[in-house]
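For reference, the structure discussed in these notes is given below.
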Amino acid sequence: MTTNLYIDTRGKHEHPVTFTEALVKGLADGGGLFVPESIPHFTRNEILSLASMPYAKRAAFVYKALNPDLDASLIDELMEKTYGDRFDTEEICPITSLDETTHILELWHGPTSAFKDMALQCLPHFFNASAEKLRTEGKLDTSFLILVATSGDTGKAALEGFKDQDNIRIAVMYPDGGVSDIQYKQMATQEGNNVMVWAVGGNFDDCQTGAKRVFNDEAFNEKLAESYHVALSSANSINWGRLLPQIVYYLSSYAQLVKDGKLEAGATLDVCVPTGNFGNILAAWYAKQMGAPLGTLFCASNENRVLTDFINTGVYDISQRDFVLTPSPSMDILVSSNMERQLFELTGRNAEAIRQWMDDLSQKKAFSVDEDTLQKLQADFASDSVDNATCLKTIKDVFETYHYLIDPHTAVAVKVAENLRTENPVLIASTAHWAKFGENVYRALHDIELGGQLPEDVAALSGCDLNNKIADETGDHNIPEGLAKLDSMPIRFTDTIQGSLESIEDAVQAFISKE
Ligand SMILES: *Cc1c(COP(=O)(O)O)cnc(C)c1O
């Protein structure tokens, strides 16, 4: 059987690449994104059968159907490593039902308590196995430095995923003073012998721009390859290896709901996803293509509502849009990169149309799709946005009604599901544990507006102590261990660097020349 190959959304690659090549490359030449040439289709029984397997087997089942150029037994082994005891429950992503037709998919049981663990626990194993294979075939002669700019969540999840992997180092840059106490401690206490964390003088944009300039500095990249046999890579959310693990839990959740007697086999299940880069919700769309009986996919936005406007009008316009800070920072995004994959699929894989739209986006800061594409988009998706005050109010309402505490990202999705749902049951993706965002959860529960002053004694608490206070007040004592122990962990990283190209490159070189 020949393996599945990967084509790119802008049609600029001369020939399709293998799974392992797509994984190690991340972005296609010419700026496009990789998608598999053929998408498998599962029968109803195959999907339902997932519920009788442990989660690692469910993931392996889906991956093997995509037919990558890795041995089936290796995939089994990697999934055992990925979805094992690094998660705090054997179920990996359990479902809590608020009522008979409202189901919350808890995607935050991994080591960093955010949904990015679902993919970033998995990607490094695939990345490493892929690099190893390419080395054996003589197609690769470097090790890797994963360089990540983060506004908080991604950096920690990437550090945990890549720590102690062979032939890979990881360095993370976060804005100095620009992350919460919990997020800072999560990164500064990071364990592992191949990791580095830098605070960058500046904001997230300075980190991201700095990282991009390092990636684009050809002379520096050549020097790294020649002097150190190191290549830079980014592992960001456009890598197919991050999307793939997310498809699994939509197929798997459907089967689980049926097994638990909460859903009739074959019934249509709507899905609501708090959306930023469009990765998580695109995964739900692929799960639907693969045969899961999913209905409308609700795209939930915060005040950065570019996706809501796009889905409702067909016009993606960021020319006049200000970037708004919200209590759900992981959804504060204007250019939602995975939409490119979605449009490629909805246009019947029309790379020419994608090239045109992406050119318009970079030159005119806007593009608009044709009527046919808009209709297809609206056949699968509906979208709404939630303002900051409503987001916080939803946290309080859900707690008072169901005695269930949610984080601000999940709150956006809960509210949008409430606004858009029909008679269908709905699965809501919960993407972070509340204790990652304790300050705003406290504000929500005490009717303090966003940015409003906390009482003096509360403001003086560490992130961990504030979480304990919330736990005492609400009776929700299930704070994940990784967050609860942060105050007692030694700080390992204290370096501050500047966001300039020179400063980052000096730091990179110092890190990789160290044994
Ligand atoms: C990354 C993230 C999101 C957004 O997911 P996308 O795949 O980028 O749409 C939502 N919530 C949390 C907590 C996240 O970390």
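Here is the link list: LYS57/LYS139; LYS25/LYS116; LYS262/LYS436. Which ones come out longer than 22 Å on Cα distance? Pairs exceeding 22 Å: LYS57/LYS139; LYS262/LYS436.
Note on surface exposure: TRP198, TRP108 rank TRP108, TRP198 by accessible area, highest first, 1.4 Å probe.
The range 350-415 has equivalent-ellipsoid semi-axes of 37, 14, 9 Å, by the square roots of 5 times the alpha carbon gyration tensor eigenvalues, sorted largest first. In the range 227-334, the ratio of gyration radius to Kirkwood radius, Rg to Rh, stands at 1.08 when only Cα atoms are counted. Using only side-chain charges placed at the Cβ, +1 for Lys and Arg and -1 for Asp and Glu, the dipole size of the chain relative to its Cα centre rounds to 820 debye. Ranked by the mean number of other Cβ atoms within 10 Å per residue, highest first, peptides 407-414, 60-67, 394-401 order as 407-414, 60-67, 394-401.
Rolling a 1.4 Å probe over the protein heavy atoms leaves PHE493 with an accessible area of roughly 20 Å².
Enter the Cα centre distance for the pair the range 495-511 and the range 80-146, rounded to the nearest angstrom. With the range 495-511 and the range 80-146 each reduced to a Cα centre, they are spaced 29 Å. Note that the range 1-152 shows a convex hull volume over its alpha carbon atoms of 170 Å³ per residue. Solvent-accessible area per residue in the chain equals 40 Å², computed with a 1.4 angstrom probe and all protein chains kept. A straight chain from GLU80 to GLU371 at 0.36 nm per residue would run longer than the Cα-Cα distance by 100.2 nm. Dividing the mean sequence gap of close Cα pairs (under 8 Å, 6+ apart) by how many residues the chain holds gives a relative contact order of 18 percent. Remark: relative contact order (the range 436-487) = 33 percent; criterion is Cα-Cα distance under 8 angstrom and separation of 6 or more residues.
Note on the chain: antiparallel DSSP beta bridges, both residues inside, total approximately 25 percent of the bridges counted.
Working note: Debye formula, equal point scatterers on the alpha-carbon atoms of the chain, no solvent; log10 I(q)/I(0) at q = 0.06, 0.07, 0.09 Å⁻¹ is -0.26, -0.36, -0.61. Within a straight-line Cα-Cα reach of under 12 Å, LYS469 can be paired with the following aspartates and glutamates, leaving aside sequence neighbours fewer than 8 residues apart in one chain: GLU439, ASP457.
Reported value for the range 436-487: 72 Å³ per residue, from the convex hull of its C-alpha atoms. Taking 0.36 nm per residue of separation and subtracting the current Cα-Cα distance, fully stretching the chain between GLU400 and THR268 would add 44.6 nm. What separates the Cα centres of the range 298-339 and the range 184-213 is a distance of 25 Å.
The values are calculated or read from the model by the stated rules, or taken from the named source; none is laboratory data. Small disclaimer: the values here were computed from a predicted structure and weren't measured. Cβ atoms come from the backbone with ideal geometry, glycine included; neighbour counts cover every protein chain shown. These area figures cover heavy atoms from the full protein model, side chains too; ligands, DNA and RNA do not enter into them. Shrake-Rupley method; radii C 1.70, N 1.55, O 1.52, S 1.80 Å.
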